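Novice: Can you read through this structure? Questions will come right after.
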Number of protein chains: 4
Amino acid sequence: MTHSTAPFAHPVRIYWEDTDAGGIVFYANYLKFFERARTEWLRALGFGQQVLRDESGGMFVVSETAVKYHSPARLDDTLIVTAELQTSGKASLTIAQRAYLRADGQADRLLAEGTIRLGWVDSTTLKPGRIPAPVLEALK
Amino acid sequence: MTHSTAPFAHPVRIYWEDTDAGGIVFYANYLKFFERARTEWLRALGFGQQVLRDESGGMFVVSETAVKYHSPARLDDTLIVTAELQTSGKASLTIAQRAYLRADGQADRLLAEGTIRLGWVDSTTLKPGRIPAPVLEALK
Amino acid sequence: MTHSTAPFAHPVRIYWEDTDAGGIVFYANYLKFFERARTEWLRALGFGQQVLRDESGGMFVVSETAVKYHSPARLDDTLIVTAELQTSGKASLTIAQRAYLRADGQADRLLAEGTIRLGWVDSTTLKPGRIPAPVLEALK
Amino acid sequence: MTHSTAPFAHPVRIYWEDTDAGGIVFYANYLKFFERARTEWLRALGFGQQVLRDESGGMFVVSETAVKYHSPARLDDTLIVTAELQTSGKASLTIAQRAYLRADGQADRLLAEGTIRLGWVDSTTLKPGRIPAPVLEALK
């Protein structure tokens, strides 16, 4: 799959809540930052998650995460977090994501990168199902 | 209301996830510690929250919190968190809670104290309702 | 003290990370939202917290929080969170904060409100000290 | 490397704070549960992290995480979280971890599994260094 366009990018500011006693951002929080970017990407494509859930009766669930941490972020930093489709099937997707440190308005140093695999499930039974076609189409 | 007995006490260990870049426990997390103690108190009295919700169709929601922070906790500390009923009505309760630093197996220095006001709501509509009588009775 | 101007306001989007199994925003997270707004307020006045800490050797710590929860927020909601000075002394401040549900671009329903008392401490010893005069002046 | 012994196991109770609006445990929190188990494992071997940091001037940082989510956990569930050494070098370790749902006192259904790669860094400079030999020896 080829993207001629840049991946979707979302800014994330680092607050006290994000840091730990090591003086840096707690690594588990990158999964939150990645999710915020995925959520805003879906929203930008016209798919708010609550609306999607109400209308389709289903929701995305995370089935697999893999993250490499290259460099730490600190209090007050601004991160640019990207999201782009890596692979897609009828019932699952893999999204590639990166977090960069923004300096002087530019995405600069790569802090963390990873892949998030999403499955689609019925909101009530949590049983796997097919991703709604319009969502799948929009993400490609 | 008079308690002749000691309040319910629950140990909480401090991990990296609980701390912030100030090197101490992030203050908002005491609300989590207080809730863990309340939950274990209810469980010890025979009321698991999920079971309670499934059986009664209702759940507690927090309507008010007030916390004073006296002294910081740090990585690897063990806290003793207490919970006891302060006041109760048909639709709401106020629980008094304290977090102590445990040293040598004893609850030692008072780190934080507060009151948590709980209301009872229908799980689906979130409308206020009456606390189930057996729960109210057990907490007194 | 009289404010002729509107309080500082900061938008907060609700993500999965902010919600709990009750289907609504976990109450402890309002303390995070309040802090994000306070942090952006200080930043807007020219005081980034990390810079402040590096330059003055001190930092704000939260010594008291009181929050009332009026109405729940849900996934995908946008909140408007406000911050304004309520009282100030040489070593501590009390900030009044509110979270509103934004509908159609307007701050609408009041979801939660509270007061946060901040003290100033030395970053290393955590001993109380005087709030730097320029910070105190700017907040008034 | 062969382990003839069972991996270290640590119980984790699920509270409201751990869940999300999907009604299940928020996936990012498994990284927290895994860390609690690693921390207790190190402590059981005689290495509290704060003491280690004070004495050696260094600390572990997470450089890579990979997690697969098989089945959801819910409010009030008890999980058994395991930790065991998978591979080790002079400057980094990989720990294999699993979270099981405990039923009737037994570790039962596998909920999530993953690997966590840890590097050792100087606490102040965050530059890589060698894991203290006694720690490395104890983990094997």
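The values are calculated or read from the model by the stated rules, or taken from the named source; none is laboratory data. The structure presented is a predicted model; accordingly, all values stated were derived computationally and were not measured. Because the Cβ atoms are built from the backbone with ideal geometry, glycine has one as well, and the counts that use them run over all protein chains shown. Side chains are part of the model used for accessible areas, which takes the heavy atoms of the whole protein and leaves out ligands, DNA and RNA. Shrake-Rupley method; radii C 1.70, N 1.55, O 1.52, S 1.80 Å.
Novice: Provide, in order from the shortest bin, the percent of all Cα-Cα pairs of segment C:65-133 in each 5 Å bin, continuing until the bin that contains the maximum pair distance.
Specialist: Binned Cα distances yield the sequence 4, 16, 19, 17, 13, 11, 9, 9, 2, 0.
Novice: Calculate the mean, over all residues of peptide C:5-16, of how many other protein chain Cβ atoms lie within 10 angstrom of the residue's Cβ.
Specialist: 3
Novice: What gaps in nm, shortest first, separate residue D:104 from its twins in the other copies when you place the label 7 Å past Cα toward the beta carbon?
Specialist: 4.5, 5.9, 6.7
Novice: Shifting gears a bit: As a test of the definition: with a 1.4 Å probe, what buried accessible area, both sides summed, do you compute for B against C, in Å² to the nearest 100?
Specialist: 2000 Å²
Novice: Once the dipole of segment A:8-139 is set up with Lys and Arg at +1 and Asp and Glu at -1 on Cβ about the Cα centre, which of A:51, A:123, A:99 lies farthest towards its positive end?
Specialist: Farthest along the dipole direction, towards plus: A:123.
Novice: With springs only between Cα atoms under 10 Å apart, run a GNM on chain B and tell me which of B:101, B:45, B:111 wobbles the most.
Specialist: B:45
Novice: Assume the label is 7 Å from Cα along Cα to beta carbon: what separations in nm does residue D:124 have to the matching positions in the other copies?
Specialist: 1.0, 6.1, 6.2
Novice: Something else: What value does segment C:13-94 have for Rg/Rh, both radii from Cα atoms and Rh as Kirkwood defines it?
Specialist: Using only Cα positions, Rg/Rh for segment C:13-94 is 1.02.
Novice: How shielded is D:64-74 by partner chains, expressed as the average number of their Cβ atoms within 10 Å of its Cβ atoms?
Specialist: The shielding value for this peptide is 5.
Novice: Debye sum, Cα scatterers, chain C, no solvent: what log₁₀ I/I(0) at q = 0.14, 0.21 1/Å?
Specialist: Treating every Cα as an identical point scatterer, log10 I(q)/I(0) equals -0.67, -1.25.
Novice: Please express the shape of segment C:1-58 as an equivalent ellipsoid: the semi-axes are the square roots of 5 times the eigenvalues of the C-alpha gyration tensor, given largest first in whole angstrom.
Specialist: Square roots of five times the eigenvalues give 27, 17, 9 Å.
Novice: Moving on to the next point. Let me make sure I get this right: for the protein assembly as shown, a, b and c are the square roots of the gyration tensor eigenvalues over alpha carbons, sorted descending. Under 1.5 in a/c it's rounded, otherwise prolate if a/b > b/c, else oblate. Which is it?
Specialist: Rounded, because the longest to shortest axis ratio a/c is under 1.5.
Novice: Sequence gap at least 6, Cα distance under 8 Å: using those rules, report the relative contact order of chain D to the nearest whole percent.
Specialist: Reported as a whole number, the value is 27 percent.
Novice: Are there trypsin sites (Lys or Arg not before Pro) in segment A:67-98 that DSSP marks as loop and that have at most 15 other Cβ atoms within 10 Å, and which are they?
Specialist: Here the sparse-neighbourhood loop sites are A:74, A:90.
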